[in-house]
Amino acid sequence: MNKELKEAQKLIDFIYESPNAFYAVHSIKKILIENNFNELHEEDRWKLVKGGKYFVIKNHSAITAFVIGNGNVQEHGFKIIGAHTDSPGFRIKPFPEIKVENAYIKLNTEVYGGPIINTWLDRPLSVAGRVTIKSEDLMHPEIKLVNIKRPILIIPNLAIHMNKNVNSGVELNRQKDILPLLAMVNENLQKDNILLSTIAEELQVDVEEILDFDLFLYEFEKGSIMGLNNEFISCGRLDDLLMVHSGLMALIQSAETNCTKIIACFDNEEVGNTTKQGANSPMLSSILERIAFCMGLDLEDYLRSQSRSFMISCDLGHALHPNYIEKSDPVNKPIINKGPIIKSSASQSYTSDAVSSAVYESICQKAGIPVQRFVNRSDEKGGSTIGPASSSHLNIPSVDVGIAILAMHSIRELGGITDYLFSTKSFLEYYNLF
Ligand SMILES: [Zn+2]
């Protein structure tokens, strides 16, 4: 396997170990600790030193890592990369088991974000997430992550014989049509709490000790490198874990600099960013303030530092689709493996403007990599991302970039290996700038 394929395989392994935001943070933390970053806690007083490497976790589902620069923060500012840890899918509801005709047991779920729902049908699925366990301290239940790591669920299609129009497109009702099948009823099966019993067994606790959970479904099968020339990555959650991994690799490989380098991985982008761990919150601005005050800045100097700072908001965009070329803008049609994209929009659903776009374009030029432009067709609204949300809390110029993929929000998205390597290279160039 050549070096490029090895890098892509590392990304696929990372995504496989990160079935949802909680596990993404767990995987990021592991990589940071291996690279000598120290964990800080929100409730402690922070003692930071120049050259120090740190990270802080919020809600077990968002994480910010940073390296304090050798220069003064007010003069050299912050160089920030932002991305998100969550992906669209299905969340398990409380008391989820539903018995059907005393024969089947299915689970009650709700949709998280905007998945392409029909791609989740007929796929072996598993369950992972966060569980809260009784503790002595009522205000602080014990938290455990659980990943069943077995294909235990499936959402079966209705046979074509029972729905002759299935190939003309089917509307799937979110409460009725897509509840996953868990098991057949049998005499040996515990009557209630089958899922919780499985989780309790996995965590080696009593079922009664489990207070609550944030559990999500995920596709059991691992992503793969594919294409005649091994040019593609077919994998779930490329949006946005590809960007998270790319930014993280750049941060840990970057050289010592005068500026303070940061990667902020927010949760809840897929449901609008407005949570305490989302981009539309004080999460990042509070960390910047704490860094500034720990490094001896006063408010005036902290505000000065923002004008010396820059943010690259990283999220995926849409490549030209070989079967739907009319869906792209007539001129700006990003192609897979032809370089990262700068996203802009008159509605300001992306933060890029002529100044911040020029900065990223120059970074790519310096790194010797091509860059492409993405705009929506003028009659399509398109999506948004973390950039505009976090920009409303920071007085820092920002650009929205990403790489272009196909099948965004499918259970398996399709991206390009060269693009992944290009984006990492551009972020490394950015972090190493000064
Ligand atoms: Zn995204």
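The values are calculated or read from the model by the stated rules, or taken from the named source; none is laboratory data. All figures in this text were calculated on a predicted structure; none of them were measured in a lab. Here the Cβ is made from the backbone with ideal geometry for all residues, glycine too, and neighbour counts use every protein chain on show. Each accessible area value is taken on the protein alone, full model and side chains, heavy atoms only, with ligands, DNA and RNA left out. Shrake-Rupley method; radii C 1.70, N 1.55, O 1.52, S 1.80 Å.
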Query - From S234, S246, S285, S281, residue being in a strand (DSSP E or B), polar (S, T, N, Q) and either away from the ligand (no atom under 13 Å from the Cβ) or surrounded by 16 or more Cβ atoms within 10 Å (Cβ to Cβ) (or both) - result: S234
Query - Matching residues, the stretch 388-402, being among the β-branched types (V, I, T) and open to solvent by 10 Å² or more (accessible area, probe 1.4 Å) - result: I396
Requested in this report: Can you work out which of the residues in the stretch 288-307 that are touching a residue at least 40 places away in the same chain (Cβ under 8 Å) and assigned to a loop (DSSP other than H, G, I, E, B) is farthest from D239 (Cα to Cα)?
Outcome: L297
Requested in this report: Could you tell me whether S356 is within 21 Å of A83 (Cβ to Cβ) and either surrounded by fewer than 20 Cβ atoms within 10 Å (Cβ to Cβ) or of a type in the set (A, V, I, L, M, F, W, C) (or both)?
Outcome: no
Query raised in the report: Which members of the stretch 383-434 meet the condition of being modelled with pLDDT of 95 or more and polar (S, T, N, Q)?
Result: S398, S410, T418, S423, T424, S426, N432
Requested in this report: Return yes when S352 is within 16 Å of the ligand (Cβ to nearest atom), at negative phi and in a loop (DSSP other than H, G, I, E, B) and no when it is not.
Outcome: yes
Query raised in the report: Has the stretch 166-180 got any residue that is open to solvent by less than 70 Å² (accessible area, probe 1.4 Å), over 27 Å from V100 (Cα atoms), away from the ligand (no atom under 16 Å from the Cβ) and without any contact (Cβ under 8 Å) to a residue 24 or more places away in the chain?
Result: no
Report task. Tell me, yes or no, whether the stretch 308-331 has at least one residue that is among the basic types (K, R) and within 30 Å of E110 (Cα to Cα). Result -> yes
Report task. Name, by its number, the condition in (1) in contact (Cβ under 8 Å) with a residue 60 or more places away in the chain; (2) closer than 13 Å to R373 by Cβ that does not hold for N332. Result -> (1)
Query raised in the report: In the stretch 160-183, is there at least one residue being of a type in the set (S, T, N, Q) and not in a loop (DSSP other than H, G, I, E, B)?
Result: yes
Report task. Among the residues of the stretch 287-305, write down those that are of a type in the set (K, R) and under 29 Å from the mean Cα position of the chain (by Cα). Result -> R290
Query raised in the report: Do you know which of the residues in the stretch 249-260 that are among the hydrophobic types (A, V, I, L, M, F, W, C) and open to solvent by 10 Å² or more (accessible area, probe 1.4 Å) is farthest from the ligand (Cβ to nearest atom)?
Result: A255
Report task. Check every one of the strands (runs of 3 or more DSSP E) wholly within the stretch 45-138 and list those with 1 or more residues that are modelled with pLDDT of 95 or more and surrounded by fewer than 22 Cβ atoms within 10 Å (Cβ to Cβ). Result -> 53-58, 89-100, 104-112, 125-133
Query raised in the report: Does L241 satisfy being open to solvent by less than 10 Å² (accessible area, probe 1.4 Å), assigned to a helix (DSSP H, G or I), modelled with pLDDT of 95 or more and in contact with a helix residue (DSSP H, G or I) (Cβ under 7 Å, 6 or more places away or on another chain)?
Result: yes
Query - Verdict on I405 being open to solvent by less than 40 Å² (accessible area, probe 1.4 Å), in contact with a Pro (Cβ under 8 Å, 6 or more places away or on another chain) and either within 16 Å of the ligand (Cβ to nearest atom) or part of a loop (DSSP other than H, G, I, E, B) (or both) - result: no
Report summary line: I263 fails exactly one of (1) open to solvent by less than 40 Å² (accessible area, probe 1.4 Å); (2) assigned to a helix (DSSP H, G or I), namely (2)
Query raised in the report: How many residues does the stretch 14-32 hold that are open to solvent by less than 60 Å² (accessible area, probe 1.4 Å), in contact (Cβ under 8 Å) with a residue 60 or more places away in the chain, in a helix (DSSP H, G or I) and not aromatic (F, W, Y)?
Result: 7
**Report entry** Filtered residues of the stretch 266-278 (kept if within 16 Å of the ligand (Cβ to nearest atom) and open to solvent by 60 Å² or more (accessible area, probe 1.4 Å))
**Finding:** V271, T274
Report summary line: Filter the stretch 296-322 for residues that are more than 18 Å from S398 (Cα to Cα) and surrounded by 20 or more Cβ atoms within 10 Å (Cβ to Cβ); the one that is farthest from the ligand (Cβ to nearest atom) is A319
Query raised in the report: Quick one: how many residues across the stretch 364-393 are within 13 Å of the ligand (Cβ to nearest atom), among the small types (G, A, S) and outside any loop (DSSP other than H, G, I, E, B)?
Result: 2
